[in-house]
Amino acid sequence: TEVENFPGFPEGIMGPDLMDKMQAQAERFGAEVLYDDVVSLDVDGPVKRVTLGSGAAHEAATIVYATGSAPRKLGLAGEARLSGHGVSYCATCDGFFFRERVIAVVGGGDSAIEEATFLTKFASKVYLIHRRDELRASKIMQQRAFHNEKIEFVWNSEVADILGDDAVTGVVLRSTLDGSTRELPLDGLFVAIGNDPRTHLVHGMLDLTAEGTVWVDGRSSRTSVPGVFAAGDVIDPTYRQAVTAAGSGTVAALDVEHYLAARADAVSSDELETVAAAGGA
Ligand code: NAP
């Protein structure tokens, strides 16, 4: 959706357009982009190995791990069953299916407001269900939502249950003030209650922090394994903005460059020593 706060785009820019521009810029400098899932990593030793869903494997001297974060779940019984049948974590992916329907978004941060605002393009009505009586989202996002006639705020409420056998028909709301419950009929529920870093590929390989992000050394991108660097939301429990992630990518690129330069120096001094030891110096 619309990215409002990326420097250099005073009118805002759509996320996919920003990504296209970044890709074109990287390719101008020789980057080669492959689209596939990474299914496993081997980070031991000086040569790293990345195995893709297609079965192809790539070897490299360094890896930058920048897998971002994944949407947090409510943890309700009906959630997994109705996922894809009215329960969604991505308005841009699924909003289209809710044309002229009544839906709700759960959450009070920037993601929830962004999703709710976007969904008003399709839905006839969007409830925003939040467990407190004030939003965590930035002021500009809040103002936009408050002025949107299709959005109705449901304060001090949490989703206690999701109703429906084959598709969402509603939710049970529980008041966070007095515990009372009531049903709210709905055609869909969008969950936007935050994200968790995607570290599944590196469990047991890289050190993690208490917050679950990949541990890096100070302000660098160096992880606990030499030659493996990490950048973006997967190392950031705090800021998680597109621009901070982009800056973090720059840090990783510079760290990789220094690492490779130091390795090249070490290799050439090893070679010199070998040559000297052989009497050829
Ligand atoms: P967030 O800021 O952590 O907000 C999560 C929201 O969900 C909070 O309002 C929280 O309530 C609520 N919540 C958490 N767990 C819940 C649960 N189990 N049940 C009900 N509600 C729950 O996450 P986010 O909105 O995904 O944003 C993450 C970061 O990305 C932020 O730094 C944000 O600024 C950034 N972001 C920026 C943009 C943009 O600039 N365009 C867009 C999206 C995200 P409480 O408030 O009560 O804790």
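The values are calculated or read from the model by the stated rules, or taken from the named source; none is laboratory data. On a predicted model such as this, the values are computed, not experimentally measured, just so you know. Glycine gets a Cβ as well: all are built from the backbone with ideal geometry, and neighbour counts include every protein chain shown. With ligands, DNA and RNA removed, areas are computed over all heavy atoms of the protein, side chains included. Shrake-Rupley method; radii C 1.70, N 1.55, O 1.52, S 1.80 Å.
Points to keep in mind about this one:
- Rolling a 1.4 Å probe over the protein heavy atoms gives the chain an accessible area of 57 Å² per residue.
- Simple spin-label estimate for Lys73 and Ser224 in nanometres, 7 Å along Cα-Cβ: 2.6 nm
- Its residue count N fixes a reference of 2.2 N^0.38 Å for the chain, and the Cα radius of gyration divided by that reference is 1.26.
- Stretchable slack from His85 to Phe97, in nm (0.36 nm times residue separation minus alpha-carbon distance): 3.3 nm
- Simple spin-label estimate for Ala31 and Arg182 gives 5.0 nm between the two label positions (7 Å along the Cα-to-Cβ direction from each Cα).
- Using a Förster distance of 25 Å, the FRET efficiency for Gln23-Glu211 (Cβ separation, nearest 0.05): 0.25
- Calculated [222 nm] ellipticity per residue, helices only, for the chain: -9000 deg cm²/dmol; basis is -39500 (n - 2.57) per DSSP H run with n ≥ 4, divided by all residues, nearest 500.
- Overall dimensions of the stretch 57-146, expressed as equivalent-ellipsoid semi-axes from the Cα gyration tensor (√(5λ), whole Å, largest first), are 28, 18, 14.
- The stretch 18-92: trypsin sites (Lys or Arg not before Pro) in DSSP coil with no more than 14 other Cβ atoms inside 10 Å: Lys73
- Near Glu2: Cβ cut-off under 13 Å, other residues only, Lys/Arg at +1 and Asp/Glu at -1. The net charge is -4.
- Sulfur and carbon atoms: percent of accessible area, the chain [1.4 Å]: 53 percent
- Using the Cβ-Cβ distance between Lys121 and Val38 with R0 = 45 Å, the FRET efficiency computed as 1/(1 + (r/R0)^6) comes to roughly 0.85.
- Database remark: amide H of Val64 closer than 5 angstrom to the amide H of Phe229 (H placed geometrically; neighbours at sequence offset of 5 or more, or on other chains; Pro and chain starts carry no H).
- Each Cα pair under 8 Å and six or more residues apart adds its separation to the average, and for the chain the resulting relative contact order is 18 percent.
- Counting Cα-Cα pairs of the stretch 112-242 in 5 Å increments starting at 0 gives whole-percent bin shares of 2, 9, 15, 15, 13, 12, 12, 11, 8, 4, 1.
- Rounded to the nearest 20 debye, the dipole size of the chain about its Cα centre is 720 debye, using +1 on the Cβ of Lys and Arg and -1 on the Cβ of Asp and Glu.
- Within the stretch 47-87, backbone nitrogen closer than 16 Å to the virtual label 7 Å beyond the Cα of Arg136 toward Cβ: 69-75
- DSSP-assigned coil residues among chymotrypsin sites (Phe, Trp or Tyr not before Pro) in the stretch 207-281, each with at most 15 further Cβ atoms within 10 Å: Trp215, Tyr239
- Per-bin percent of Cα-Cα distances, the stretch 47-199 [10 Å]: 11, 37, 29, 12, 9, 2
- Per residue, the convex hull spanned by the Cα atoms of the stretch 121-165 amounts to 95 cubic angstrom.
- Take every Cα pair under 8 Å whose residues are at least 6 apart in sequence, average their separation, divide by the length of the stretch 33-158, and the relative contact order is 16 percent.
- Positive minus negative residues near Thr181 (Lys, Arg vs Asp, Glu; Cβ under 15 Å): -1
- Between 0 and 90°, nearest 10: helix 15-28 axis offset from the chain longest Cα axis: 10 degrees
- Inter-site label distance for Ser268 and Asn5 at 7 Å from Cα along Cβ, in nm: 4.4 nm
- Note on the chain: dipole from Cβ charges, positive end direction compared against Ala245, Ser268, Gly164; the farthest Cα belongs to Gly164.
- Cβ-placed point charges (K, R +1; D, E -1), dipole of the stretch 146-243 about Cα centre in debye, nearest 20: 480 debye
- Equivalent-ellipsoid semi-axes for the stretch 1-61 (Cα gyration tensor, √(5λ), whole Å, largest first): 32, 13, 11.
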